[in-house]
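Novice: For reference, the structure I am asking about is given below.
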Amino acid sequence: MKTTAIIYKVMILVLCGFFISCEDYLEIDVPDHKIVSATVFENDEIALSALDGLYNQIAAAHFTGGGASSVTVLAALSSDILNPFYTTNLPYMEFDQHELLPDNFRNTNLWTSAYNIIYMSNALLEGVADSKSISQDVRTRLEGEAKFVRAFIYFYLVNLYGEVPLILTTDYRTNALATRNPEEEIYMQIKSDLQTAIDLLGVNYLNGERTRVNYYGAVAFMARIELYKENWEKAEILSSEVISQTGTYEILENLNEVFLANSKEAIWQLSPIGRGDNMTNTHEGANFIIDPIYSFFAQFKLNPIFVDSFATEDKRLTNWVGFHPATTYYYPYKYKIRNDTEEVTEYSMVLRLAEQYLIRAEARAMQDNISGAVSDLDKIRERAGLDLIANVDPGIGREQLLELIFQERKKELFTEWGHRWLDLKRIGNTGEVLGEAHPQWQETDVYFPIPEPELLTNPNLTQNDGY
């Protein structure tokens, strides 16, 4: 193979992934990664192109792209939000019925594409460390964004699978035989990477596009981490810092403007352009909207029990839930465009301001700051057209308020990055909520199985209990 061909392969397959999805980091040829720092990072322009490639891969990958094997879809099927459109679709029914098998190809797609993104993040970080040619500004930016992305992916892996291999290099031999690391060790790495991102990233968005992580994106995600670790005071401080940036972020009154490109509610979004095809709609729009004529193409529908949980006056019901008369099924309608090749108008939402209000409400409630928590919760309820808790129940107690916060999280954040599934798990009531409708439920179902192909490839991997 000629040198130029090798370099091209490295930039496209190892780092950039501009147009295709690499699905198994263990299969990358050993010699290729050794070229990274000498070629891909020879100047600022090429290094920044590699960073663009990382974001493009996030937009295209199974795990993060909002498509049929994404965390958004599979975690919603596992909770009480989505159901498969067809009960004959066995891979989806396994998630829905909590009868997930280790050879489920959707689960394998989820795992391998997540580790591919981690591999690319590691390659960027190694390239930054080894390069003597890039400027300090570019070096700082690449390190901050790559470490944020690595932390972001590991957060989902540890919550979906429990103990997972903590891969921090591109060394093939080390990665191929990696063992699973304790959850606490993974969280320590997540927080370390996020703190580095916070220290390095600037507050401005590149070219006004909210498709790259900035300082406040890292702070917002750290607020979520502290919430999950029950560090209530830290979660409140961090979410408050984001909420205070009123010149940059705001809760939009019009629900149908929330998911538009560069919405002021957006903290981080993904552009469909990054996928490298000619479609300008989001994967979420394509997957969730039931075509008015060709409904047989549909794959998902909203759980009718979830739809019934909305009050009739809730604007989220009328604006974010669609109805298909011919099938009488409801579907997620946060994204309005199912299929388009014209100008991009919607970006896939990853982090948004509403979550920060809900994080702070929960953190405040857990510190017995009831009035502060009610104020934050009412910010979300007011936009939804619901009665304010401050008016209808001014003497509300902590436990009742927390239950309302969890219900608002379910209705506000549905079909966004698995929030409901992860909330049920961290609160500890997954079985209580899902067990009645799923008699076969077992407590070990809170974790997905380690994919069978990975167990066959790596003899040091062990399977989760119950599989």
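The values are calculated or read from the model by the stated rules, or taken from the named source; none is laboratory data. Since the model is a prediction, treat every value here as computed from it, not as a measurement. Positions of Cβ are generated from backbone atoms using ideal geometry, with glycine treated the same way; all protein chains shown enter the neighbour counts.
Novice: One residue is enough: does region 140-154 have a residue meeting the conditions more than 23 Å from Gln463 (Cα to Cα) and surrounded by fewer than 19 Cβ atoms within 10 Å (Cβ to Cβ)?
Specialist: Checked against the condition, which is being more than 23 Å from Gln463 (Cα to Cα) and surrounded by fewer than 19 Cβ atoms within 10 Å (Cβ to Cβ), region 140-154 yields at least one hit.
Novice: Using beta carbons and a limit of 6 Å, which pairs, at least six apart or on different chains, have the first residue in region 245-267 and within 14 Å of Leu413 (Cα to Cα) and buried (at least 19 other Cβ atoms within 10 Å of the Cβ) and the second one of a type outside the set (A, V, I, L, M, F, W, C) and at pLDDT 95 or above?
Specialist: What qualifies is Val258/Glu265; Phe259/Lys334; Phe259/Tyr335; Phe259/Glu346; Glu265/Arg352; Ala266/Arg210; Ala266/Arg352.
Novice: Same structure, new question: Only one of (1) closer than 22 Å to Gly67 by Cα; (2) not in a helix (DSSP H, G or I) is not met by Asn287, so which one is it?
Specialist: Tallying (1) closer than 22 Å to Gly67 by Cα; (2) not in a helix (DSSP H, G or I), Asn287 fails exactly one: (2).
Novice: Answer yes if at least one residue in region 360-371 is of a type in the set (A, V, I, L, M) and assigned to a loop (DSSP other than H, G, I, E, B), and no otherwise.
Specialist: No, the conditions are met nowhere in region 360-371.
Novice: Does Trp421 qualify as being closer than 30 Å to Tyr115 by Cα and either assigned to a loop (DSSP other than H, G, I, E, B) or more than 22 Å from the chain's Cα centre (by Cα) (or both)?
Specialist: No: the conditions fail for Trp421.
Novice: Out of Leu377, Leu351, I need the residue that is under 30 Å from Gly67 (Cα atoms), of a type in the set (A, V, I, L, M, F, W, C), crowded, with 20+ Cβ neighbours inside 10 Å and within 25 Å of the chain's Cα centre (by Cα). Which one?
Specialist: Exactly one of Leu377, Leu351 is under 30 Å from Gly67 (Cα atoms), of a type in the set (A, V, I, L, M, F, W, C), crowded, with 20+ Cβ neighbours inside 10 Å and within 25 Å of the chain's Cα centre (by Cα), namely Leu351.
Novice: Consider Thr457 carefully, then state whether it is polar (S, T, N, Q), surrounded by 14 or more Cβ atoms within 10 Å (Cβ to Cβ) and touching a residue at least 60 places away in the same chain (Cβ under 8 Å).
Specialist: For Thr457, the condition - polar (S, T, N, Q), surrounded by 14 or more Cβ atoms within 10 Å (Cβ to Cβ) and touching a residue at least 60 places away in the same chain (Cβ under 8 Å) - is met.
Novice: OK, next. Given the conditions (1) out of contact with any strand residue (DSSP E or B) (no Cβ under 9 Å at 6 or more places or on another chain); (2) over 29 Å from Pro182 (Cβ atoms); (3) of a type in the set (Ser, Thr, Tyr), report the number of the one that Tyr467 does not fulfil.
Specialist: Against the list (1) out of contact with any strand residue (DSSP E or B) (no Cβ under 9 Å at 6 or more places or on another chain); (2) over 29 Å from Pro182 (Cβ atoms); (3) of a type in the set (Ser, Thr, Tyr), Tyr467 comes up short only on (2).
Novice: Ok, one more. When you go through Glu230, Glu253 one by one, which is the residue that is closer than 19 Å to Ile380 by Cβ, assigned to a loop (DSSP other than H, G, I, E, B) and not hydroxyl-bearing (Ser, Thr, Tyr)?
Specialist: Glu253
Novice: Being of a type in the set (Ser, Thr, Tyr) and assigned to a helix (DSSP H, G or I) is the filter here; which residues of region 145-187 pass it?
Specialist: Listed by number, the residues that qualify are Tyr154, Tyr156, Tyr161, Tyr172, Thr174, Tyr187.
Novice: Let me ask something else about it. Here's a check for you: in region 193-233, which residue that is surrounded by 16 or more Cβ atoms within 10 Å (Cβ to Cβ) and of a type in the set (Lys, Arg) is nearest to Tyr347 (Cα to Cα)?
Specialist: The residue in question is Arg210.
Novice: Assuming Leu100 fulfils every condition listed in (1) in a loop (DSSP other than H, G, I, E, B); (2) in contact with a strand residue (DSSP E or B) (Cβ under 6 Å, 6 or more places away or on another chain) apart from one, which condition is it?
Specialist: Of (1) in a loop (DSSP other than H, G, I, E, B); (2) in contact with a strand residue (DSSP E or B) (Cβ under 6 Å, 6 or more places away or on another chain), only one is false for Leu100: (2).
Novice: If you scan region 82-97, which residues turn out to be out of contact with any strand residue (DSSP E or B) (no Cβ under 7 Å at 6 or more places or on another chain) and part of a loop (DSSP other than H, G, I, E, B)?
Specialist: Tyr86, Thr87, Thr88, Asn89
Novice: Which one of Asn262, Asn278 is more than 20 Å from the chain's Cα centre (by Cα) and not basic (Lys, Arg)?
Specialist: Every option except Asn278 fails the conditions.
Novice: Same structure, new question: Sort out which residues of region 22-66 are assigned to a loop (DSSP other than H, G, I, E, B), crowded, with 20+ Cβ neighbours inside 10 Å and modelled with pLDDT under 95, and write them in order of number.
Specialist: Residues satisfying the conditions are Cys22, Ile28, Val40, Phe41.
Novice: Would you mind finding the one in Leu456, Leu461, Leu402 that is assigned to a loop (DSSP other than H, G, I, E, B), modelled with pLDDT of 95 or more, of a type outside the set (Ser, Thr, Tyr) and closer than 30 Å to Val73 by Cβ?
Specialist: Within the list Leu456, Leu461, Leu402, the selection yields Leu461.
Novice: Which pairs have Cβ atoms under 7 Å, sit 6 or more apart or on different chains, and link a residue in region 421-436 that is free of Cβ contacts under 8 Å to residues at least 24 places away in the same chain and on the phi > 0 side of the Ramachandran plot to one that is of a type outside the set (A, V, I, L, M, F, W, C) and surrounded by 14 or more Cβ atoms within 10 Å (Cβ to Cβ)?
Specialist: Final answer for the pair search is none.
Novice: A further question follows. In region 178-188, how many residues are surrounded by 14 or more Cβ atoms within 10 Å (Cβ to Cβ) and more than 22 Å from Lys229 (Cα to Cα)?
Specialist: 1
Novice: Six or more apart or on different chains, Cβ under 7 Å: which pairs go from a residue in region 307-328 that's over 19 Å from Leu255 (Cα atoms) to one that's at pLDDT 95 or above and β-branched (Val, Ile, Thr)? Could you list them?
Specialist: Once the first residue is over 19 Å from Leu255 (Cα atoms) and sits in region 307-328, its partners that are at pLDDT 95 or above and β-branched (Val, Ile, Thr) give His324/Ile290; Thr327/Ile290.
Novice: Turning to a different aspect of this structure: Could you pull out the residue among Trp441, Trp421 that is hydrophobic (A, V, I, L, M, F, W, C) and within 23 Å of Glu230 (Cβ to Cβ)?
Specialist: Answer to the selection: Trp421.
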